[in-house]
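Everything below concerns the one structure shown next.
The numbers here are math on the coordinates, done by the rules we state, and not lab data. Keep in mind the model is a prediction, meaning the values are calculated, not measured. Cβ placement follows ideal geometry from the backbone for every residue including glycine, while neighbour counts extend to all protein chains displayed.
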Amino acid sequence: MSRSLSIRAVLLGGSIAILLLVLGAAAWIAYRGAQHEADEVFDARLATSARVLATLMAAHAQGGPAAPGVVAFPPPLDHPYETKIAFQVLDAQGRLLLRSASAPDQPYAPLEPGFSTRDSWRVFTLQSGEHWVQAAESDEVRDELCAKLALAAVTPLVAGIPLVLVLIAVLMRYGLAPLAELARRIERREPASLAPVALARSTAEIDPVLRALNGLLGRVQSAIARERRFTADAAHELRTPLAALKVHAQNAARAHSEAERHASLERMMAGLERSVRLVEQMLALSRASAARAAAFAPVSLNQVVEDALDDVLPRLKERRIKVSVASDPDDAELMVHGDRDKLTCLARNLLDNAARYAPAGSAVRVGLGAAPGAATLSVCDQGPGIAPELRERVFESYYRIPGSPGDGSGLGLAIVREIAVQHGGAVEIEDGDGARGTRVRVTLPAAASRAARDT
Amino acid sequence: MRLLLVEDDELLGAGIEDTLTRARYAVEWVRSGPLALAALEHGGFDAVVLDLGLPGMDGLEVLRRARAGGCLAPVLILSARDAVAQRVAGLDAGADDYLVKPFDVDELLARVRVLQRRARGGATNVLEHGSVRLDPVALSVTHEGRPVALQRREFMLLHKLLAAPGQVLTRAQLEESLYGWDGSVESNALDVHVHNLRRKLYPGVIRTVRGIGYVADPPA
């Protein structure tokens with residue numbers, strides 16, 4: 001398993017990178033801004049110096065042409081930038097008339113009025129009457145100034161980086177605390193505890209996770225509760241058949257005569273058959289209520305009824321019950337979308353009930369019908385019927401109408417309903433034909449409407 | 001001895017009936033709450049084996065009503081309801097004992113014997129009557145130490161009389177405890193059994209109370 005990326009590391013690393021990028025940009029912008037301002041100020045000073053010089057030269061020229069020479073400036077005043085300003089005065093032909101000590105013999109730049117840059121000197125050239133005046137200044141000066149200005153602007157920001165990082169870390173810790181708490185709570189949880197997780201403080205980001213988690217816990221809990229109830233019910237419901245088996249087995253073992261032993265063994269066999277059937281029905285219900293494993297496929301209800309009839313045939317024959325199947329519309333193949341095995345189990349339980357509780361020699365009518373968007377399967381018998389007030393209770397697991405004959409498990413209709421509901425259908429109980437007997441009607445969505453159900 | 005069996009499960013009821021009958025009890029078997037209540041109100045049972053999940057009326061309700069109506073017969077509840085609270089509820093409703101399904105038939109028989117022993121205030125299962133000794137576990141009878149072979153109904157009759165020494169039992173009571181409600185009894189069957197017992201044991205073991213019935217007098 002690869003180690004997951006830490007939110008904290010990503011946020012912290014990202015913040016540092018962004019911070020450095022922004023600071024770099026800010027420093028560069030500050031440097032460029034300072035440079036621009038410095039250029040303007042220094043250029044203005046250079047131009048002013050040139051003009052002052054030109055004016056002086058003009059006044060001086062009235063006293064006759066000056067001999068070429070070098071003007072010695074007064075000693076520097078120890079101002080750091082002072083010595084870096086130089087000038088030259090040239091005649092119209094470009095011959096050097098005067099220059100400051102720091103200036104070269106040759107003109108700084110071609111004799112064209114305006115600013116120019118030569119060999120890291122900034123030069124302002126001015127034509128004034130007979131003279132050209134060039135004032136020059138080393139770029140070092142302004143570069144140094146710009147760097148210092150930019151540094152002054154950026155330094156407090158850089159100094160603030162650690163503080164900002166600490167603040168980000170603290171905020172992040174605060175922001176991610178609910179997540180850490182969630183992890184802690186889940187870690188420390190008893191394995192069997194499925195109670196919802198609650199946090200002292202949550203956030204908009206954790207809330208959906210928490211909701212999803214608690215939803216899952218709730219579903220797991222109710223599934224486990226259902227399983228437990230099923231197991232407990234099964235254990236309870238098996239007690240009576242097992243008690244009967246045990247009694248008959250012990251009676252057989254202690255029998256005083258062969259006839260007694262035989263009678264007990266016969267009853268034991270009947271008890272075994274009943275127990276086997278009960279366990280089979282329990283498994284059928286358990287399977288029916290299990291999550292739908294296989295994908296549903298188109299299933300013919302006609303085929304389902306036929307298969308179920310084959311299974312129930314021995315009991316029907318034994319009790320001389322006649323079954324008729326009628327399709328509406330005539331002989332149409334009625335298709336539903338579902339699990340064929342489960343639907344066969346549903347039909348088998350309906351027919352088995354009819355075979356058990358309908359009077360011997362009576363008739364059972366199976367009806368297959370199509371309604372808009374739905375298919376119906378109904379089984380109608382001529383049995384004792386189910387009182388209206390019991391028509392809901394009979395669907396409960398293990399419920400048997402008091403005094404019912406035979407050894408039914410009380411699970412048949414529970415299985416029928418479970419399977420119907422899983423197929424998006426429903427079951428209802430009505431009076432049979434002529435207000436006697438029972439009609440159980442199962443309604444299932446027709447195959448065509450499966451798209452709507454699956455989405 | 002005559003027992004009432006209340007059990008709605010056919011197969012289990014048949015098994016218990018077999019067990020009790022083979023242990024030489026006369027068994028009356030009813031399968032619903034209302035019938036059980038009617039039987040208890042009618043009375044005449046030496047013990048009752050009562051299931052709880054009954055059609056018509058729950059066994060606990062049957063028991064409460066019977067007790068409220070003055071029924072004193074010892075009752076053993078036989079139920080699949082095994083939680084402590086359910087057992088306590090059963091005992092508090094008036095049961096004398098509680099057995100959870102599935103159970104062992106030997107235990108059921110032992111507990112039924114306990115109920116009868118307590119009912120007559122005895123310390124042991126064995127009934128001693130002078131030189132006659134009846135063992136309800138081994139289903140054997142001895143007279144002066146010698147085993148005496150008794151027919152099923154002879155044993156049942158002797159058991160019934162020895163369990164209540166000195167108490168006169170009517171012919172109807174005795175016939176019911178031998179044959180139940182629906183057994184077709186020859187009018188002189190009871191007299192034949194008494195005659196056989198006197199012959200196999202000794203003449204004075206059972207005294208005839210003219211016009212009423214019989215009594216086993218406590219030995220002097």
In region A:107-192, the trypsin sites (Lys or Arg not before Pro) that sit in a DSSP loop and have at most 16 other Cβ atoms within 10 Å of their own Cβ are A:Arg189
Point-to-point label distance, B:Ala172-A:Gln106, nm (Cα→Cβ direction, 7 Å offset):
15.7
Extension reserve of the A:Val52-A:Asp431 stretch, reckoned as 0.36 nm per residue once the Cα distance is removed
124.1 nm
Given a Förster distance of 41 Å, the FRET efficiency implied by the Cβ-Cβ spacing of B:Asn188 and A:Arg320, rounded to the nearest 0.05, works out to 0.30
Once the principal axes of the Cα atoms of the protein assembly as shown are found, what is the range along each, listed largest first in whole angstroms?
186, 76, 42
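How much length would be gained if the chain were fully extended between A:Ala387 and A:Phe115, taking 0.36 nm per residue of separation minus their Cα-Cα distance, in nm to one decimal?
That works out to 86.6 nm of additional length.
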Residue-averaged beta-carbon neighbours from other chains (10 angstrom radius) around B:13-23
5
Let me know the mean shielding of B:94-107 by other chains, meaning the per-residue number of their Cβ atoms within 10 Å of its Cβ.
3
Can you put A:Trp28, A:Trp121 in order, fewest other beta carbons within 10 Å first?
A:Trp28, A:Trp121
Roughly how many nanometres apart are two label points built 7 Å out from the Cα toward the Cβ at B:Arg199 and B:Val126?
2.8
Mind checking which aspartates and glutamates have their Cα closer than 12 Å to the Cα of B:Lys160? Skip sequence neighbours fewer than 8 apart in that chain.
B:Asp46, B:Glu175, B:Glu176
Toward the positive end of the charge dipole of region B:68-212, about the Cα centre and with charges on Cβ (Lys, Arg +1; Asp, Glu -1), which of B:Ala73, B:Leu158, B:Val137 goes farthest?
B:Leu158
Simple spin-label estimate for A:Arg185/A:Asp310, 7 Å along Cα→Cβ, in nm, reads 5.6
Largest-first principal axis extents, alpha carbons of region A:284-336, Å
38, 30, 12
Dipole-positive endmost among A:Leu444, A:Pro388, A:Leu53 within the protein assembly as shown (Cβ charges, Cα centre):
A:Pro388
Size of the dipole of region A:313-455 about the Cα centre, Lys and Arg at +1 and Asp and Glu at -1 on the beta carbon, nothing else charged, in debye to 20?
380
Whole-number percent relative contact order across region A:109-229, with pairs defined as alpha carbons under 8 Å at least 6 apart:
12
Note the full-extension length gain between A:Ala212 and A:Ala169 as 0.36 nm times their separation in residues minus their Cα-Cα distance, in nm to one decimal.
12.6 nm
Aspartates and glutamates whose Cα lies under 13 Å from that of B:Lys101, excluding same-chain neighbours fewer than 8 positions away
A:Glu237, B:Glu7, B:Asp9, B:Asp51, B:Asp82
Among A:Ala198, A:Ala358, A:Pro405, which residue has its Cα positioned farthest towards the positive end of the charge dipole of chain A, with +1 placed on the Cβ of Lys and Arg, -1 on the Cβ of Asp and Glu, and the dipole taken about the Cα centre?
A:Pro405
Calculated FRET efficiency for the pair A:Ser404/B:Ile212, C-beta based, R₀ 41 Å, to 0.05:
0.35
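Between beta-carbons, use under 14 Å as the cut-off and find the net charge around B:Ser187, counting Lys and Arg +1, Asp and Glu -1.
In short, -2.
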If the cut-off is 29 Å between C-alpha atoms, which lysines fall inside it for A:Lys317, apart from same-chain ones fewer than 8 positions away?
A:Lys342
Nearest 0.05, what FRET efficiency do A:Leu12 and A:Ser286 give at R0 = 60 Å with Cβ-Cβ as r?
0.70
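How big is the charge dipole of chain A about its Cα centre, in debye rounded to the nearest 20, if each Lys and Arg gets +1 on its Cβ and each Asp and Glu gets -1 on its Cβ? Could you put the intermediate results ahead of the total?
Values: 51 positive and 52 negative charges, 452 e Å.
Dipole of chain A, to the nearest 20 debye: 2180 debye.
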With a 10 Å radius around each residue's Cβ, average the other Cβ atoms per peptide and rank B:91-99, A:322-330, highest first.
B:91-99, A:322-330
Quote the charge dipole size of region A:254-343 about the Cα centre in Debye, to the nearest 20; the model charges only the Cβ of Lys and Arg (+1) and of Asp and Glu (-1).
580
Cα centroid of region A:128-143 to Cα centroid of region A:373-405, whole Å
114
